[in-house]
Amino acid sequence: MDFSVLLSDIPTLIVVIVGVPVVLAAYIVGGEYLVRRLPDKNRPRVRPWIWVGPAVFLVAAILFIPAIFTVIQSFEDNHGTFVGLQNYGNQLADFPSGGAWVAIRNNIIIWLIFYTLFVLAFGLALAVLFDRVQYETVVKSLIFMPMAISSVALGVIWKFMFWYQPPGSAQTGTLNALVTFFHHDPVAWLQDQWPNGLAVLNNLALIAAATWGITGFAMVILSAALKGIPGELLEAARVDGAGELTVFRRVIFPLMMPTIVVVGTTLVIFALKAFDVVYVMTNGNYNTDVLAFRMYNLLYLSHNAAGASAVAIILLIAVIPVLVFNLRQFRAVEARR
Amino acid sequence: MRSSSLIRALVVAMAAVFTAVACGTGGSTNAGSIKILAAWSGQEQASFFAVLKPWEDRTGIKVNYEYSRDLDALLTTRLGAGNPPDMSAAPSPTTLTTFVKQGKVIPLDDKIDVNALKANYAQSWIDLGTINGKLYETFSWVAVKGLIWYDPKNFAAKSYNVPTSWQGLLDLQSTIKSNGTTPWCVALESGSASGWPGSDWLKEIVLSQSGPTVYDGWVAGTQKWTSPEIKSAFTTWGTVLGPNDSNVYGGKQFMLATAFGDGGTHMFDNPPKCYMHNQASFITTFFTSAVPTLQPVTDFNFFPLPDISSQYAGAHVVAGDTWSMFKDTSQARSLMNYLNTAEAQTIWVKRGGKISPNKQTPLDAYPDALSKESAQILVGTKIAKYDATDLMPADMRAAAWKAVLDFVGDQSKLDSILTSLDKVQATAYK
């Protein structure tokens, strides 16, 4: 690899390697110095803010302030003139196939429901089943492995899985090889808008690829929650004559519920942010568009920052209920302690 | 613990710096360097490097090359961040034109040798690079679109003849079909540009069927998509594809699911899956990389898409790689001048797949009879028009490409597809 590019700007390099740590250290030392000079009773109130200050500053600078600008921009046209709700009007025009509606439907119905359900179901099933075998760590590592693959590589791999050749030709795609083995015509998984142009099939194909990539994450967390259930509870249930299914339904599942909810809400947010798999595999064509990808296209291909801002805010509004639910959940868990 | 990990981080950082120093000192001179962003990878990248080599050797300037298939997005980001490459070769002028209007591209009139350009280029290429009276873009390699590729051995085996008229082409495709094979291979998948090979068909048909005035109005956004001329281009392409895409190998699924470079290679299957493939001159690279034994002329050859209306005979759609400069440095000026020379262009021409717009490029530099022939077509074209979608605003272009995919998916939806294109047209040109 050619590192010479690092040398093209030596002052910046020095600032990054030396300057940043020096400034941070100076901030901490200086902050502590000031706090020490305060009267004793004020110290506990001031000190946390000194320490949390850089984080608050970063969140404000790279998250909060840009978000406010995005909100403002979504009410302006691309030359900065206030246009009211026109950008939203453009995005929400021509229901059900115009504007952002296809993306909204895919995100809020298909991705949100199926992606979350698939990942939770597979993650839970794998966690519970692997708990009962001796080679648990090995298989869990295998299932977890796709997490280490970048989503772009994942998309490319699955594109090969879904590869289409016309009937009668050698099927080089894994899935179509299987399908034709059972004497069915090959299916263009990513292009076929079955049923009836509703595009459920190709969206599910994308979700399948994304599910494969993330199931390991859900499995590991759920598995940890499972290990946290005291053995004597399960013993007691079994002694009382409960079958394994009943133990799962009546003991394991309820006890794991808080974890399932946390993983579930995380997955819902992932579903709403879906981008890379769509970008790599279909480019949002054939009615597989999602909000994040539409935002990207509006911004970078159409140079329509105002439209992109409106889509971003629509996405934000879609996430808010999940955030509120998540916060309530956290509070409920805290309250129980 | 904390101090030891800090030391470790420092050691790593120092090691990186020393490695960089060690790598960077090799052969570097004071000639400086230049950052180039383009879309060429693989074979094409190797050819571009071969072009750069003599210039690098002569000037000692170092080229930092970066490529992306999503060039438009990357350029937008870089320009937005104030970190543009020095130069970029965009496969289409659409995005560049937007940047020109934002004042982010350097006008070339007093930066490069315009006299040499005028002496060696047809005026139409200079006009294409001129926006509001200033030169912003130059073309180093170009391609003729609307070439119908075929395998002469397959044609001979079935005693098919190269059609010389539009009706002849339609007759040939029904003959091929009645012999039990699909006449065409069409492949439309191309990442964020999926659909463009189909839009090529439409451009060629619009130009040849309705002439340059309609074509120019279509580019400029004054010719409605729902107008009879443009609608007729779609339905004409529809008769080529056949009812329910039955004239195309694999039907719509295959067209949509197959990468544009892979579609034509099925002409060389045994028995052939199709007999004809419409693509620009660059496609030969894809043929020979899929089947290395193929020889031009004997194994693959082309004929220009026959004239549809005799009124507009000899009309062809052309396209090219567009160079522009984002930072005015002496290195960039030097490279711009070099790329406009026949010397630079000949290097890639000899390696195949490209045609030079420079009149000084000798015809015998073309590696085979085919590329020479397409170069001659370019020279002999009576009505040359630049790729229409590449001149349309980005929104219009994206909608046109998507319309191709929708039309192929269900030809009966043509009217609603055209209506939605008109809606995009109404806003995209503002």
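The values are calculated or read from the model by the stated rules, or taken from the named source; none is laboratory data. The shown structure was predicted, so the numbers you read here are calculated from the model rather than taken from an experiment. Positions of Cβ are generated from backbone atoms using ideal geometry, with glycine treated the same way; all protein chains shown enter the neighbour counts.
Applying a threshold of 7 Å to beta carbon distances and a minimum spacing of six or more residues, or different chains, the list of pairs starting in region B:258-273 at a residue that is within 12 Å of chain A (Cβ to nearest Cβ) and ending at one that is part of a strand (DSSP E or B) and surrounded by 19 or more Cβ atoms within 10 Å (Cβ to Cβ) reads B:258/B:189; B:259/B:189; B:263/B:277. When the residues of region B:50-77 are filtered to those that are away from chain A (no Cβ under 14 Å) and among the aromatic types (Phe, Trp, Tyr), the one that is surrounded by the fewest Cβ atoms within 10 Å (Cβ to Cβ) is B:67.
For region B:131-170, a residue qualifies if it is touching an Asp or Glu at 6+ places or on another chain (Cβ under 8 Å) and not hydrophobic (A, V, I, L, M, F, W, C), and the qualifying residues are B:134, B:140, B:145, B:146, B:151, B:152, B:153, B:163, B:165.
Each row is one residue, and each column tells you yes or no for (1) over 29 Å from residue A:192 (Cα atoms); (2) within 14 Å of chain A (Cβ to nearest Cβ).
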site	(1), (2)
B:147	yes, no
B:189	no, yes
B:213	yes, no
B:241	no, no
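Looking at residue B:80, is it surrounded by fewer than 22 Cβ atoms within 10 Å (Cβ to Cβ) and within 11 Å of chain A (Cβ to nearest Cβ)? Yes: the conditions hold for residue B:80.
Summed over region B:242-273, residues that are part of a strand (DSSP E or B) and either at pLDDT 95 or above or surrounded by 23 or more Cβ atoms within 10 Å (Cβ to Cβ) (or both) total 1. For region B:303-338, a residue qualifies if it is surrounded by fewer than 23 Cβ atoms within 10 Å (Cβ to Cβ), modelled with pLDDT of 90 or more and among the aliphatic types (A, V, I, L, M), and exactly one does: B:336.
Regarding region A:284-291, can at least one residue be identified that is outside any loop (DSSP other than H, G, I, E, B) and either assigned by TED's automatic domain parsing to the domain that holds residue A:225 or not basic (Lys, Arg) (or both)? Looking for residues that are outside any loop (DSSP other than H, G, I, E, B) and either assigned by TED's automatic domain parsing to the domain that holds residue A:225 or not basic (Lys, Arg) (or both), one finds at least one in region A:284-291, hence yes. Of everything in region A:196-220 that is outside any helix (DSSP H, G or I) and within 14 Å of chain B (Cβ to nearest Cβ), the residue that is nearest to the chain's Cα centre (by Cα) is A:199. Any residue at all in region B:155-174 that's touching a strand residue (DSSP E or B) at 6+ places or on another chain (Cβ under 7 Å), away from every other protein chain (no Cβ under 14 Å), part of a helix (DSSP H, G or I) and of a type in the set (A, V, I, L, M)? No, because not a single residue in region B:155-174 is touching a strand residue (DSSP E or B) at 6+ places or on another chain (Cβ under 7 Å), away from every other protein chain (no Cβ under 14 Å), part of a helix (DSSP H, G or I) and of a type in the set (A, V, I, L, M).
Could you tell me how many of the residues in region A:160-176 are more than 11 Å from chain B (Cβ to nearest Cβ) and either of a type outside the set (Val, Ile, Thr) or outside any helix (DSSP H, G or I) (or both)? I'd like the intermediate steps shown before the answer.
Initial filter on region A:160-176 (more than 11 Å from chain B (Cβ to nearest Cβ)): A:160-161, A:171-172, A:174-175.
From the residues that got through so far, the ones that are either of a type outside the set (Val, Ile, Thr) or outside any helix (DSSP H, G or I) (or both) too are A:160-161, A:171-172, A:175.
Total satisfying the criteria: 5.
Please count how many residues of region B:274-329 are assigned by TED's automatic domain parsing to the domain that holds residue B:83, assigned to a loop (DSSP other than H, G, I, E, B) and of a type in the set (A, V, I, L, M, F, W, C). Selection size over region B:274-329: 1.
Picking from B:321, B:299, which residue would you name as being within 18 Å of the chain's Cα centre (by Cα), among the acidic types (Asp, Glu) and more than 14 Å from chain A (Cβ to nearest Cβ)?
Values: B:299 fails: within 18 Å of the chain's Cα centre (by Cα).
Result of the check over B:321, B:299: B:321.
Within the group A:44, A:96, which residue is at negative phi, at pLDDT below 90 and over 33 Å from the mean Cα position of the chain (by Cα)? Step through it out loud before you land on a result.
Numbers: A:96 fails: over 33 Å from the mean Cα position of the chain (by Cα).
Result: A:44 is the single residue among A:44, A:96 that is at negative phi, at pLDDT below 90 and over 33 Å from the mean Cα position of the chain (by Cα).
Taking the criterion of being touching a residue at least 40 places away in the same chain (Cβ under 8 Å), within 9 Å of another protein chain (Cβ to nearest Cβ) and out of contact with any Lys or Arg (no Cβ under 8 Å at 6 or more places or on another chain), the residues of region A:268-292 that qualify are A:279, A:282, A:286.
If you go through region B:64-87 and keep only what is outside any helix (DSSP H, G or I) and without any contact (Cβ under 8 Å) to a residue 40 or more places away in the chain, you end up with B:64, B:65, B:66, B:67, B:68, B:81, B:82, B:83.
With respect to residue A:236, determine if the residue is farther than 25 Å from residue A:328 by Cα, assigned by TED's automatic domain parsing to the domain that holds residue A:103 and either touching a Phe, Trp or Tyr at 6+ places or on another chain (Cβ under 6 Å) or in a helix (DSSP H, G or I) (or both).
Numbers: farther than 25 Å from residue A:328 by Cα: yes; assigned by TED's automatic domain parsing to the domain that holds residue A:103: yes; either touching a Phe, Trp or Tyr at 6+ places or on another chain (Cβ under 6 Å) or in a helix (DSSP H, G or I) (or both): yes.
Taking the combined requirement at face value, the residue satisfies it.
Yes/no per residue for (1) among the charged types (D, E, K, R); (2) assigned to a helix (DSSP H, G or I); (3) outside the structural domain of residue B:281 (by TED's automatic domain parsing):
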position	(1), (2), (3)
B:364	yes, yes, yes
B:379	no, yes, yes
B:396	no, yes, no
B:404	no, yes, no
B:416	no, yes, no
B:423	yes, yes, no
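In this structure, is residue B:349 outside the structural domain of residue B:215 (by TED's automatic domain parsing) and either in contact with a Ser or Thr (Cβ under 7 Å, 6 or more places away or on another chain) or without any contact (Cβ under 8 Å) to a residue 12 or more places away in the chain (or both)? Spell out how you get there, then give the answer.
Details: outside the structural domain of residue B:215 (by TED's automatic domain parsing): yes; either in contact with a Ser or Thr (Cβ under 7 Å, 6 or more places away or on another chain) or without any contact (Cβ under 8 Å) to a residue 12 or more places away in the chain (or both): yes.
Answer is yes for this residue.
Based on what the data block shows, is residue B:97 crowded, with 18+ Cβ neighbours inside 10 Å, within 14 Å of chain A (Cβ to nearest Cβ), part of a helix (DSSP H, G or I) and at pLDDT below 85?
Working: crowded, with 18+ Cβ neighbours inside 10 Å: yes; within 14 Å of chain A (Cβ to nearest Cβ): yes; part of a helix (DSSP H, G or I): yes; at pLDDT below 85: yes.
When the stated conditions are applied, residue B:97 passes them.
Considering only region A:57-78, I want to know if a residue exists there that is within 21 Å of residue A:305 (Cα to Cα), within 12 Å of chain B (Cβ to nearest Cβ) and outside any helix (DSSP H, G or I). The answer is yes, given that some residue of region A:57-78 is within 21 Å of residue A:305 (Cα to Cα), within 12 Å of chain B (Cβ to nearest Cβ) and outside any helix (DSSP H, G or I).
Could you list all residues from region B:407-418 that are crowded, with 21+ Cβ neighbours inside 10 Å and more than 9 Å from chain A (Cβ to nearest Cβ)? Steps first, answer last, please.
Here is the first cut: in region B:407-418, the residues crowded, with 21+ Cβ neighbours inside 10 Å are B:407-409, B:417.
Correct list: B:407, B:408, B:417.
Contact map, region A:90-111: residues that are acidic (Asp, Glu) paired with residues that are in a helix (DSSP H, G or I), Cβ distance under 8 Å, separation 6+ or inter-chain. Pairs shown: A:94/A:101. Of the listed requirements (1) under 27 Å from residue B:254 (Cα atoms); (2) β-branched (Val, Ile, Thr); (3) more than 14 Å from chain B (Cβ to nearest Cβ), residue A:179 misses just one: (3). Of all the criteria given as (1) of a type outside the set (Lys, Arg); (2) more than 10 Å from every other protein chain (Cβ to nearest Cβ); (3) under 23 Å from the mean Cα position of the chain (by Cα), the one not satisfied by residue B:393 is (2). Scanning region A:145-159 for residues that are out of contact with any helix residue (DSSP H, G or I) (no Cβ under 6 Å at 6 or more places or on another chain) and assigned to a helix (DSSP H, G or I), we see that the one that is farthest from residue A:175 (Cα to Cα) is A:148. For region A:293-337, a residue qualifies if it is within 17 Å of residue A:92 (Cα to Cα) and more than 14 Å from chain B (Cβ to nearest Cβ), and the qualifying residues are A:309, A:310, A:311, A:312, A:313, A:314, A:315, A:316, A:317, A:318.
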